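To start, the structure itself, in C-alpha cells.
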Number of protein chains: 2
Amino acid sequence: MTSIIPDITKRTSIGAQRNPASEEAILTAAAEILSEGGLSAFSIEAVARRAKAGKPTIYRWWPSKAALLLDVYHRQKGETFYPDTGSTRGDLIAFLETLLGFWTKSGGEVFRSIIAEAQSDPAALEALRDYAVTRCRASGIILERGVARGEIQADLDIPLVMELFSSFCWQRLLTGRLDASREQLSHLVDAVLTGFATQNRHAQ
Amino acid sequence: MTSIIPDITKRTSIGAQRNPASEEAILTAAAEILSEGGLSAFSIEAVARRAKAGKPTIYRWWPSKAALLLDVYHRQKGETFYPDTGSTRGDLIAFLETLLGFWTKSGGEVFRSIIAEAQSDPAALEALRDYAVTRCRASGIILERGVARGEIQADLDIPLVMELFSSFCWQRLLTGRLDASREQLSHLVDAVLTGFATQNRHAQ
C-alpha cells in the first residue's frame, strides 16, 4: 500500500519501519472513532482496542495523540487542495476557498481542537508545528507552478509566503469567521500578488 | 481618567456607563492577579474580591472572563505597536517584530491561552473575535499613513490586509515559532508590498 500522506508519515516516523497493513488499520480505526464518537471519544487507548493494535505500536509510529489525530484529519482533507486552475491567482483563491470550505463543512472542529490542545500540551505543539511547516511546504506547489510558468518571481521564499495565506485561514477558523466572501479572497490575493504599493520594484 | 484603550472599552460595554475609578480598580486587580498567580489564579471571583467590586459589576462591563483578560492583556501591550518609521515597509516590519517580540517576552502565554479557551467556550470566542477585528482596524493606521503619503494604493481593503500580517504572527505564536528573523520578516513585507508576480498591475 502506498500511503496517501507520504510527507506526514515520513515526518512522524521515528525510525521504526511501519507495517502498512497495521498503519492502515490504525488510521481507519481512528477515523471511525472520531466520526462516531467525536473528539471526546478519541484516545490512543480506544484506537488501539478497535484496531487490535498495541498501544506501544501506535506510540512508536505516532509520538502523541495529536500526531495521530493530525494524520486522520489530513486524510479527511483529501487531495483537492491545490487544483491547477491555470493561473497562480486562480490557484491561490481556490486554495483559500477550499480550506475555509472544508473547515466550514467538517474538518474545522478537529483542527481547532488540536490547535487549542497544543497551547497546553508540548507533544501536541510539536505535532502541530511539524504539520504546519509540512503543509506550508506542500502548498508551495501553487507558487512553484507559477514560477515554472514564469508568473512568479523565482527568488520568492515560497513556504514563507504560503504561511501567510494559511495563517489567514487559521485566524478565520480560530475567530469563527470562516465565511470570507470570494470577493474578499480575490481582493486579498490580488493585493499580495501584484503588491499594493503605488510604486514597486518593477515599475521603478 | 481617560482610558488608554478606548476602542476596547467601547466594544465590551453593553450600554452600562462605566465608573472610571471602579474600572481602573478592576483592571489593576486583574493585572496583579495575573502577574502574581498566573492564568490559573485568574477568575472573575478573584478579581472581584481584590478590587472590592461586585461580580455583577464586572460582568456588566466585561461579558466574560476572556473579555476582561483581553483588556488586561491589551494594556500590557502598551502603545508602541505602530511606530512611524517614515515608510510603510519600515512600519510593517516594526509591527511584526514588535508583536512577535512582545509575545516572546511576556504576553504570548496569555494570548495563546485565550485563543485555546475560545475553541471550546463561546463567550471567549466572541471576545476574541471582537478583539481580532478591532485590532486589525487599529493596526490599519500603518497602511492609512502609507495612503496619506501616497505610498499605498487608496483602494486597498486595509483591515483585510492587516489581518494577513497579524494572522502570520498568530500562527507563529500557536506553533511555537516566534523566532522569525528580521530577514524573513523583511522578505515577507517586501513580497506582499511590491507583489511577487513577475508582471503586475502597474508594470502592465
Those residues of the stretch B:138-177 which are among the charged types (D, E, K, R) and in contact (Cβ under 8 Å) with a residue 40 or more places away in the chain amount to B:R145, B:R149, B:E151, B:R172
The lone condition B:L178 fails out of (1) under 28 Å from A:D121 (Cβ atoms); (2) more than 9 Å from chain A (Cβ to nearest Cβ); (3) crowded, with 18+ Cβ neighbours inside 10 Å; (4) over 15 Å from the mean Cα position of the chain (by Cα) is (3)
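Each row is one residue, and each column tells you yes or no for (1) over 24 Å from B:E23 (Cβ atoms); (2) within 10 Å of chain A (Cβ to nearest Cβ).
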site	(1), (2)
B:R49	no, no
B:I58	no, no
B:L69	no, no
B:A94	yes, no
B:G107	no, no
B:S120	yes, yes
Per the list (1) in contact with a helix residue (DSSP H, G or I) (Cβ under 6 Å, 6 or more places away or on another chain); (2) in the same structural domain as B:D190 (by TED's automatic domain parsing); (3) not hydroxyl-bearing (S, T, Y), residue check on B:D71 breaks on (2)
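Kindly indicate whether A:D157 is surrounded by 16 or more Cβ atoms within 10 Å (Cβ to Cβ), of a type outside the set (K, R) and over 18 Å from B:F168 (Cβ atoms).
Values: surrounded by 16 or more Cβ atoms within 10 Å (Cβ to Cβ): yes; of a type outside the set (K, R): yes; over 18 Å from B:F168 (Cβ atoms): no.
It is false that A:D157 is surrounded by 16 or more Cβ atoms within 10 Å (Cβ to Cβ), of a type outside the set (K, R) and over 18 Å from B:F168 (Cβ atoms).
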inquiry  = Is it the case, given these coordinates, that B:S64 is over 30 Å from B:R182 (Cα atoms), free of Cβ contacts under 8 Å to residues at least 12 places away in the same chain and outside the structural domain of B:C136 (by TED's automatic domain parsing)?
reply    = no
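Out of the residues in the stretch A:127-154 that are among the polar types (S, T, N, Q) and under 11 Å from the mean Cα position of the chain (by Cα), state the one that is surrounded by the fewest Cβ atoms within 10 Å (Cβ to Cβ). Give the derivation first.
Going residue by residue through the stretch A:127-154, those that are among the polar types (S, T, N, Q) are A:134, A:139, A:153.
Those left that are additionally under 11 Å from the mean Cα position of the chain (by Cα): A:134, A:139.
Values: A:T134: 19, A:S139: 23.
Top of the filtered list is A:T134.
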Within the stretch B:178-204, the residues that are more than 19 Å from B:K105 (Cβ to Cβ) and in contact (Cβ under 8 Å) with a residue 24 or more places away in the chain are B:S186, B:L188, B:V189, B:D190, B:V192, B:L193
Only unsatisfied item for A:R129, checking (1) within 8 Å of chain B (Cβ to nearest Cβ); (2) more than 30 Å from A:I44 (Cα to Cα); (3) not polar (S, T, N, Q), is (2)
For the structure I just gave you, tell me whether B:D155 is acidic (D, E) and within 20 Å of B:W62 (Cβ to Cβ). no
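The values are calculated or read from the model by the stated rules, or taken from the named source; none is laboratory data. Source: prediction; values computed, not measured. Virtual Cβ from ideal backbone geometry, glycine too; neighbours counted across all protein chains shown.
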